[in-house]
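**Student:** Supplied in structure tokens, the structure appears directly below.
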């Protein structure tokens, strides 16, 4: 059931979380499917609802620094620098987990991924529960991430106790994830660009390949994919005779001859393009197309996150 994010519905949502239920809610990145992060049974419902493999860890969401002590064992100095710059916001930090966090949340790993969302609905929900909330994206595992409440309702509506509608999510791509060990490692491109991290940290080592067991969400080779096959190609690489049967996801200009075209940003703004990425793919996926061709974007700033999602969608 989709409901507006009124104070009354936020109270209702908090009660559902506290009683072990599932609530989908907006963050500034994408919609999350939330459960009490300290309740292993509740978290198991998230995996069941998403049909998510239990080797894929979840991100824990908190609303203030005091709550961090419930889920992590220690906070290194480099984490303090990143939190001071990017929290609340779309940055997830991987830190040593506390004993209070069930192993199902971390897929048995000794670390936990944590972030403090900036979205007012997410902030209020967490505050009202008084609990850290484990929340992956509110979609079937491997499918396109939801950036609107209707995306959640269409794919998971019957498996979620309540869906809080907070409108379109501002960033439209997931959080950036950084592992904080002996040296910081970028594990997932996201809404905080690499350049912004480097301003705080210096050089960040990019981990391109994950092992068989992901350290964080979004590391599997195939992910973020619509049901319609996705192929990366510039317009001139698609044969003219094929164009009238397929869709095209363009960066800034409308190419000719395709059955349908969605443009991410007419001005070439990568922030705007990222915000529209999943919504455009959702729209194209509903049209019964043979294939969705997607135009590569410049791999700078948020372009890295866009290309990461497109490559995984096309894997």
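**Student:** Identify, from the list 93, 22, the residue that is more than 30 Å from residue 272 (Cα to Cα) and crowded, with 22+ Cβ neighbours inside 10 Å.
**Tutor:** Sole residue among the options that is more than 30 Å from residue 272 (Cα to Cα) and crowded, with 22+ Cβ neighbours inside 10 Å: 22.
**Student:** Tell me which residues, restricted to the range 21-44, are more than 18 Å from residue 140 (Cβ to Cβ) and in a helix (DSSP H, G or I).
**Tutor:** 40, 41, 42
**Student:** Also: Restricting to the range 6-15, name every residue that is in contact with a strand residue (DSSP E or B) (Cβ under 6 Å, 6 or more places away or on another chain) and either over 21 Å from residue 154 (Cβ atoms) or buried (at least 21 other Cβ atoms within 10 Å of the Cβ) (or both).
**Tutor:** 13
**Student:** Which condition breaks for residue 195 when tested against (1) at pLDDT 90 or above; (2) within 22 Å of residue 277 (Cα to Cα); (3) touching a strand residue (DSSP E or B) at 6+ places or on another chain (Cβ under 8 Å)?
**Tutor:** Evaluating residue 195 over (1) at pLDDT 90 or above; (2) within 22 Å of residue 277 (Cα to Cα); (3) touching a strand residue (DSSP E or B) at 6+ places or on another chain (Cβ under 8 Å) leaves (3) as the failure.
**Student:** Restricting attention to the range 293-315, which residues are under 15 Å from residue 248 (Cα atoms) and surrounded by 19 or more Cβ atoms within 10 Å (Cβ to Cβ)?
**Tutor:** Within the range 293-315, 293, 294, 295, 297, 310, 313 meet the criteria.
The values are calculated or read from the model by the stated rules, or taken from the named source; none is laboratory data. Remember, predicted model here, so these are calculated numbers, not experimental data. Reconstructed Cβ throughout: ideal geometry from the backbone, glycine too, with neighbour counts over all protein chains shown.
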